[in-house]
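Contents: one structure, followed by commentary.
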Amino acid sequence: LIDIRNIRLSIDDAGEAIKDPKFSKTVNDADALIFVVPEYNHSFPGLLKHVLDSNLKEYIHKAAGVCGVSAGPFGGVRMIQNFLPVLRELGMVTIFSDVYFGSAGKLFDATTGKIADAAYSGRLDKFLNELIWMARALRYGREHLPGS
């Protein structure tokens, strides 16, 4: 689990010149990435883009899944729409399922901390199964196919 608020990056430069070694190693070692991202003004946070731009080769042929979060009913759908092209440009392979966590302030049971809506169980299973499948296929490709 990486909380990008804990990554201290310079704003004097951009791109790979400001790599955070721990973040880079974590991404490099991962077969897949799950992004849980709040929607801000119909898009994703600028800090996330700044952090993502600090790496490149670490993302190539890695599976990526996106979960949108919003206070409103749409669950970050507009953020996901704007975020997917960025992930693809960075070399990640995005899966076909997304998860939308709408009305986030009301989503969790106050006593247990668990998601109150049982429908999320099926959505999350579909999302995770697809992500795992894609991660395995891409790992095989990175390890066995030339040019990876």
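For segment 66-85, the criterion of being part of a loop (DSSP other than H, G, I, E, B) and within 26 Å of Arg139 (Cα to Cα) is met by no residue. For segment 21-52, filtered to residues that are open to solvent by 40 Å² or more (accessible area, probe 1.4 Å) and not in a helix (DSSP H, G or I), the residue that is farthest from Val93 (Cα to Cα) is Asn41. Taking segment 75-95 on its own, how many of its residues are more than 13 Å from Tyr40 (Cβ to Cβ) and open to solvent by 40 Å² or more (accessible area, probe 1.4 Å)? Qualifying residue count, segment 75-95: 6. Just to be sure, is Phe35 over 26 Å from Leu138 (Cα atoms) and touching a strand residue (DSSP E or B) at 6+ places or on another chain (Cβ under 8 Å)? Spelling it out, it is not the case that Phe35 is over 26 Å from Leu138 (Cα atoms) and touching a strand residue (DSSP E or B) at 6+ places or on another chain (Cβ under 8 Å). Would you please name the residue that is modelled with the lowest pLDDT, looking only at residues in segment 96-148 that are surrounded by fewer than 15 Cβ atoms within 10 Å (Cβ to Cβ) and touching a Lys or Arg at 6+ places or on another chain (Cβ under 9 Å)? The residue in question is Ser148. Among the residues of segment 53-74, which ones are surrounded by 15 or more Cβ atoms within 10 Å (Cβ to Cβ) and among the basic types (Lys, Arg)? Selection gives Lys62 alone.
Checked against (1) of a type outside the set (Gly, Ala, Ser); (2) at pLDDT below 90; (3) within 25 Å of Leu128 (Cβ to Cβ), Ile11 meets all criteria but (3).
Taken together, Leu145, Leu87, Leu124 contain a single residue that is touching a helix residue (DSSP H, G or I) at 6+ places or on another chain (Cβ under 9 Å) and among the aliphatic types (A, V, I, L, M), which is Leu87.
The values are calculated or read from the model by the stated rules, or taken from the named source; none is laboratory data. This one's a predicted model, so the numbers in the text were calculated from it and none came from an experiment. Positions of Cβ are generated from backbone atoms using ideal geometry, with glycine treated the same way; all protein chains shown enter the neighbour counts. For accessibility, only protein heavy atoms count, side chains too; no ligands or nucleic acids. Shrake-Rupley method; radii C 1.70, N 1.55, O 1.52, S 1.80 Å.
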